[in-house]
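Before any comments, here is the structure.
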Amino acid sequence: MDFSFTEEQSMLRDTVAAYLADHYDFDKRRAVVTKEPGWRPDVWKAFAEELGILGAPFSEDLGGLGGGAIENMIVMEEFGKALVVEPYLGTVVIGGGFLKHSGHAGAADLIGGIIGGQNIFAFAYAEPKGRYNLAALETTAKKDGAGWVLNGHKAVVIGAPFATHLIVTARTSGGPRDANGVSVFIVEKGAKGVTTRDYPTVDGNRASEVYFENVSLGADALVGPADGGLPLVEKVVDEAIVATCAEACGVLRRLQEGTVEYTKQRKQFGVPISSFQVLQHRMVDMFINLEQSISMTYMATIKVTDDAERAKAASAAKVQIGKACKFVGQNAIQLHGGMGMTDEMAIGHYFKRATMIESAFGSVDHHLARYEGLSLGKAA
């Protein structure tokens with residue numbers, strides 16, 4: 001596929017890559033994720049003030065760089081190569097996506113806070129019984145005068161430990177899995193009635209179980225239409241899927257390149273194991289999976305702004321990414337031997353991130369079923 005970047009997009013990639021090379025090597029990252037708070041606010045500040053990348057996908061009218069999905073893809077791919085844990089996906093892609101697409105009255109001010117690095121968002125959508133169904137909600141929001149009262153529990157909210165705001169999906173009418181009756185709210189994390197239980201995830205990120213007990217929300221907390229928020233949620237989640245696929249491409253590249261480099265150094269029977277034909281075949285298959293993943297991600301990025309093609313393209317890319325994360329990750333560990341899973345070696349950390357991406361926003365089986373349903377004209 002012929003995909004050419006503009007001069008500005010190439011400069012964005014070079015800028016991000018250069019900064020991460022200087023400030024985000026493996027040893028620094030490993031030290032950060034093993035202690036509190038699990039991320040570096042100074043790096044986030046640099047993303048906002050020195051690099052300006054937190055404004056990459058926002059229009060110039062909002063103070064951004066005037067980019068979009070391609071700029072998100074570029075940033076996320078470079079972040080994947082460095083295993084960046086700062087919450088770009090939850091804040092810029094998801095939080096910014098809801099604000100851009102919803103027509104929220106306070107969107108300009110909130111996006112300004114995102115671009116400046118002050119507002120940090122986490123997406124609280126998953127529930128223990130949800131099984132990837134975005135409409136399977138037991139969290140409820142009930143009308144209270146002009147506002148709402150929120151109750152419920154959200155599971156594995158990535159980035160919530162250091163978020164200032166939560167994007168929360170809740171049922172405002174209908175049955176537990178009805179497409180109608182889903183609404184979206186912005187909740188300040190410090191609001192009365194919001195409690196969290198924070199913990200590290202296997203890939204070095206941080207997440208929370210978030211509980212809402214009679215949380216009072218004003219009318220301005222509603223994002224998008226009341227009871228009709230599911231299409232907005234699906235749109236933003238598809239954008240998040242495509243951005244996650246871009247991150248995966250960076251992770252897969254490091255897994256593939258790291259494996260090739262290691263096999264050139266590791267010797268057996270007096271020769272590098274990279275000279276063994278069977279291992280060469282294995283690494284070629286890893287490379288093919290990487291290149292297919294990049295092509296599928298680029299195609300999905302192009303189509304993510306087309307509402308007619310967006311969902312199918314996102315699911316197709318996620319299927320390829322999920323398969324590649326499993327194949328490339330497992331082979332990278334196998335070719336490194338047992339030492340590949342040790343904490344001291346970077347390859348194990350990339351494998352853990354690839355494993356988490358494999359099931360993020362839906363497994364391979366889920367997206368195969370979704371793609372089939374969309375192709376046959378059924379509900380997603």
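What follows is calculated from the coordinates using simple rules that are stated; it is not laboratory data. The structure presented is a predicted model; accordingly, all values stated were derived computationally and were not measured. Cβ coordinates were reconstructed from backbone atoms using ideal geometry, including for glycine residues, and neighbour counts include every protein chain displayed.
Below is a table of values for the structure above.
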{"read-out": "Answer label, with Cα extents along the principal axes in Å calculated from the coordinates and candidates [x] 77, 60, 32; [y] 78, 48, 41; [z] 78, 51, 41", "value": "[y]"}
{"read-out": "Other-chain or far-sequence residues with amide H under 5 Å of K189's (modelled H)", "value": "H165, L166"}
{"read-out": "Contact order normalised by residue count of the chain, Cα under 8 Å, 6+ apart, percent", "value": "15 percent"}
{"read-out": "CD proxy at 222 nm, helix term only [per DSSP H run n ≥ 4: -39500 (n - 2.57); per residue of the chain; nearest 500]", "value": "-15500 deg cm²/dmol"}
{"read-out": "For D178, D22, order by how many other beta-carbon atoms lie within 10 Å, fewest first", "value": "D22, D178"}
{"read-out": "Label-point separation, A179 to H281 (7 Å along Cα→Cβ), nm", "value": "4.7 nm"}
{"read-out": "Centroid-to-centroid separation of segment 44-83 and segment 2-23 [C-alpha atoms, Å]", "value": "11 Å"}
{"read-out": "Shape call, segment 1-104: gyration tensor on alpha carbons, a/c limit 1.5", "value": "oblate"}
{"read-out": "Length-normalised contact order for segment 231-375 - Cα pairs under 8 Å, 6+ apart - percent", "value": "31 percent"}
{"read-out": "Counted charge near T139, where neighbours are those whose Cβ lies closer than 12 Å (Asp, Glu -1; Lys, Arg +1)", "value": "+1"}
{"read-out": "Extension reserve of the E7-A108 stretch, reckoned as 0.36 nm per residue once the Cα distance is removed", "value": "33.6 nm"}
{"read-out": "Phi-based couplings in Hz for segment 238-253 (Karplus 6.51, -1.76, 1.60; Gly and Pro marked x)", "value": "4, 5, 5, 4, 5, 5, 5, 4, 5, 4, 4, 4, x, 5, 5, 4"}
{"read-out": "Out-of-range pairs (alpha-carbon distance over 23 Å; input K142/K318; K81/K352; K35/K192)", "value": "K142/K318; K35/K192"}
{"read-out": "Proximal aspartates and glutamates to K143, defined as alpha-carbon separation beneath 18 angstrom and excluding residues fewer than eight positions away on the same chain", "value": "E213, D220, D227"}
{"read-out": "At most 16 other Cβ within 10 Å, DSSP loop - GluC sites (Glu not before Pro), segment 77-171", "value": "E138"}
{"read-out": "Between 0 and 90°, nearest 10: helix 69-82 axis offset from the chain longest Cα axis", "value": "50 degrees"}
{"read-out": "Relative contact order (percent, whole number), segment 7-119, Cα cutoff 8 Å, 6+ residue spacing", "value": "29 percent"}
{"read-out": "Exposure proxy order (Cβ contacts within 10 Å, fewest to most) of K267, K303", "value": "K267, K303"}
{"read-out": "Electrostatic dipole magnitude of segment 7-119 [Cβ: Lys, Arg +1; Asp, Glu -1; Cα centre; debye, to 20]", "value": "480 debye"}
{"read-out": "Hz values of 3J(HN,Hα) by residue in segment 38-55 - Karplus curve (6.51, -1.76, 1.60), Gly and Pro given as x", "value": "x, 7, 10, x, 5, 5, 4, 4, 5, 4, 7, 9, 7, 8, x, 7, 5, x"}
{"read-out": "Net charge, D14 excluded, C-beta distance under 14 Å - Lys, Arg +1, Asp, Glu -1", "value": "-4"}
{"read-out": "Separation of the D343 and D227 label points, Cα + 7 Å toward Cβ, nm", "value": "5.3 nm"}
{"read-out": "Cβ-defined net charge surrounding A314, 12 Å radius [Lys, Arg +1; Asp, Glu -1]", "value": "0"}
{"read-out": "Simple Cβ-charge dipole of the chain, Lys/Arg +1 and Asp/Glu -1, about Cα centre, in debye nearest 20", "value": "1260 debye"}
{"read-out": "Protection proxy ranking of 106-116, 310-320, 238-248 - average other beta-carbon atoms within 10 Å, highest first", "value": "238-248, 310-320, 106-116"}
{"read-out": "From phi via Karplus (6.51, -1.76, 1.60), per-residue ³J(HN,Hα) for segment 86-98 in Hz, x at Gly/Pro", "value": "5, x, 5, 4, x, 8, 7, 6, 7, x, x, x, 4"}
{"read-out": "Sequence of L89, L230, L65 once ranked by neighbouring C-beta atoms within 10 Å, starting from the fewest", "value": "L65, L230, L89"}
{"read-out": "The chain: angle of helix 310-336 to the longest principal axis, Cα-based, in degrees nearest 10", "value": "40 degrees"}
